[in-house]
Structure formats: C-alpha cells, structure tokens
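Here's the structure, in structure tokens; my notes come after.
The values are calculated or read from the model by the stated rules, or taken from the named source; none is laboratory data. Since we're looking at a predicted model, the values are computed, not measured. Ideal geometry is used to build each Cβ from the backbone, glycine not excepted, and the neighbour counts take in all protein chains shown. Protein only, heavy atoms only, side chains kept; ligands, DNA and RNA dropped before computing areas. Shrake-Rupley method; radii C 1.70, N 1.55, O 1.52, S 1.80 Å.
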Amino acid sequence: MQVKFTRKGATLIVKIIGELDHHSADYLRQKVDGELIKPSTRNVIFDFSSVSFMDSSGIGVIMGRLKTIQKLNGKIAIVNTRPQIKRIFEMSGLLKIVPACESIESAIGMM
Amino acid sequence: MQPINEMKITFSSKSSNEAFARVVSAAFVSQLDPTLEELADVKTSVSEAVTNAVIHGYENGPGYITMTCKLFPDSVEITVEDQGKGIEDVELARQPLYTSKPEMERSGMGFTVMETFMDKVEVFSEPGKGTTVKLYKTFKSIRDKDKEE
Ligand SMILES: Nc1ncnc2c1ncn2[C@@H]1O[C@H](COP(=O)(O)OP(=O)(O)OP(=O)(O)O)[C@@H](O)[C@H]1O
Ligand SMILES: [Mg+2]
C-alpha cells in the first residue's frame with residue numbers, strides 16, 4: 001500500500017493506493033496519525049479511488065480517525081469508493097456518520 | 001456430490017499471508033469463471049476468516065492456518081481453520097458490531113461481511129482447541145448460464 005497526502009487549507013486529503021486489509025491498516029494508521037498531530041490539520045478526506053480491495057479492517061481505521069478528528073471539532077469524509085467497498089461501510093453504519101462523496105471537490109465543500 | 005477439484009494449503013499465521021490466502025483462493029476459484037464481483041465476494045470473505053485466525057485465533061503470535069477449497073460445477077466451499085484460542089460463544093461472536101478487541105480498532109463486522117458476501121457461513125469452535133469457518137457460495141452467473149444451455 002501507498003499513502004499520499006495533499007492539503008487544502010485545514011483539510012488533509014489522504015489518497016490510499018492499493019489493498020486495505022489488517023496488514024496494511026497498521027501502516028495507514030501510523031502514517032495518518034503522524035499527520036493528525038500537526039496543528040494545521042482539522043478535517044480529513046479519505047480518497048478511495050485507488051483502493052483495489054478492502055475488508056472490515058478499513059472500517060476500524062476510519063472509525064478510529066473519526067474519534068480523533070471529532071475531538072478537534074473537525075470533519076471526515078470518504079470519496080470515490082467502489083460499490084463493493086461502499087457496501088462494507090454501509091453495513092457497519094459508518095455512512096450514517098461519515099458522508100461518502102462523489103468527488104474531492106464536493107467533499108471539500110462540506111468541510 | 002464429489003468436488004470437481006480440490007486444494008489445501010497450510011501457511012504461517014502472519015498478517016502478510018492475509019493477501020496471499022485471498023489471492024490463492026481467487027486464483028483457484030477462477031477456474032469456474034465466475035464474475036469479477038463474485039470473485040471479489042470470495043476474496044473479501046477469505047480475507048475476513050484468515051484475518052480472524054491471525055488476530056483472534058493466534059492473537060498475532062505463532063501458529064498455522066489451513067485453507068481448503070472445494071470446487072463444484074457452479075459453487076465453492078472454502079474452509080479456514082486454526083488451532084488457536086477458540087470462541088466461547090459463537091452466537092455472540094457472530095452478532096454485527098460485536099468484537100472482543102475494540103482497543104485494536106476492530107469493528108466487529110467480519111462475520112457480517114462473510115454472511116453478506118457468501119450464501120452460508122458455518123462456524124465450529126472450541127475454546128482452547130481452535131476454530132473452523134466454512135464458507136459456501138453458488139455462482140449465480142454460472143448456474144444461470146448452465147440453465148440456458
Ligand atoms: N478464529 C477465531 N478465533 C478466536 N476468536 C475468533 C475467531 N474469529 C472470530 N473470533 C471472535 O469473534 C469476534 C467477532 O469476529 P468479527 O470478525 O465479526 O469481528 P472482529 O474481528 O472483532 O472485527 P473486524 O473483523 O470488523 O475487524 C471477534 O472479536 C473474536 O472475539
Ligand atoms: Mg474480524
């Protein structure tokens with residue numbers, strides 16, 4: 001897995017590239033948390049456009065970051081999830097608290 | 001019914017083998033020519049079962065996991081087995097959102113994902129002995145194609 005960061009103001013955009021499972025979740029978690037301790041970050045957008053596989057490990061990663069971000073009064077969004085992955089997020093109830101957007105632009109608009 | 005093909009592999013309980021196991025299962029099941037979506041359902045379910053063996057069965061310690069795949073003309077039966085910790089209360093463990101490891105950021109959705117993506121999931125477990133998960137799926141794309149012919 002590869003993780004790429006870009007910023008738009010106080011919003012951190014995390015592009016995840018590859019497969020998100022238990023093995024790679026630890027790496028993603030570490031990378032993102034390293035960015036979250038920077039005071040400039042308030043909101044996070046997870047870009048799933050290049051995620052080729054995800055299992056329930058992905059739910060835990062997003063839920064965990066949500067807790068941190070909520071303490072900072074920030075927001076989280078996920079974008080560009082393919083149907084199989086969206087179904088997994090839906091099942092867990094995550095989409096009731098984290099919006100799934102069609103594009104990074106629309107997610108930024110919600111922040 | 002006798003399977004038309006079978007395979008069995010044993011590998012170390014390591015998180016890097018989660019990807020290995022799902023790729024192997026998908027490669028084997030591909031012989032039946034299911035749709036990409038059906039194949040993704042199998043991959044995701046195998047990933048859940050193997051991850052559970054690594055995290056919960058062996059608690060990230062040493063051990064071996066055995067996976068078997070049986071192919072039938074339009075269906076597959078996959079078994080994932082560990083000789084780890086076992087499950088006290090299988091019915092509770094299968095509940096959506098139940099996890100014994102919330103501190104490790106588990107969401108408790110693994111069994112629910114398997115049940116959603118497969119037709120049937122069976123769990124056999126004994127505390128101190130280990131856990132066997134059996135996953136069943138009929139590929140509707142193949143079944144319907146065979147009907148037409
Ligand atoms: N192979 C196993 N050995 C021992 N316990 C298991 C095994 N598989 C599952 N369990 C138990 O069943 C519970 C539920 O499993 P499930 O996969 O649904 O959720 P999880 O693994 O806790 O979280 P998630 O899969 O969403 O990351 C686990 O928390 C664990 O207590
Ligand atoms: Mg699990």
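Could you count how many residues in the range B:24-39 are touching a residue at least 24 places away in the same chain (Cβ under 8 Å) and either at the interface with another protein chain (Cβ under 9 Å from one of its Cβ atoms) or open to solvent by less than 10 Å² (accessible area, probe 1.4 Å) (or both)?
Total satisfying the criteria: 2.
Testing B:Phe117 on (1) more than 10 Å from ligand 1 (Cβ to nearest atom); (2) closer than 20 Å to A:Ser56 by Cα; (3) open to solvent by 30 Å² or more (accessible area, probe 1.4 Å), one condition comes back false. Which one is that?
All conditions pass for B:Phe117, except number (3).
What residue, of B:Glu18, B:Glu37, B:Glu48, is over 11 Å from A:His22 (Cβ atoms) and among the acidic types (Asp, Glu)?
None of the others qualify; the one that does is B:Glu37.
Is one or more of the residues making up the range A:62-73 aliphatic (A, V, I, L, M), out of contact with any Cys (no Cβ under 8 Å at 6 or more places or on another chain), away from every other protein chain (no Cβ under 14 Å) and touching a residue at least 12 places away in the same chain (Cβ under 8 Å)?
Scanning the range A:62-73, I find at least one residue that is aliphatic (A, V, I, L, M), out of contact with any Cys (no Cβ under 8 Å at 6 or more places or on another chain), away from every other protein chain (no Cβ under 14 Å) and touching a residue at least 12 places away in the same chain (Cβ under 8 Å), so the answer is yes.
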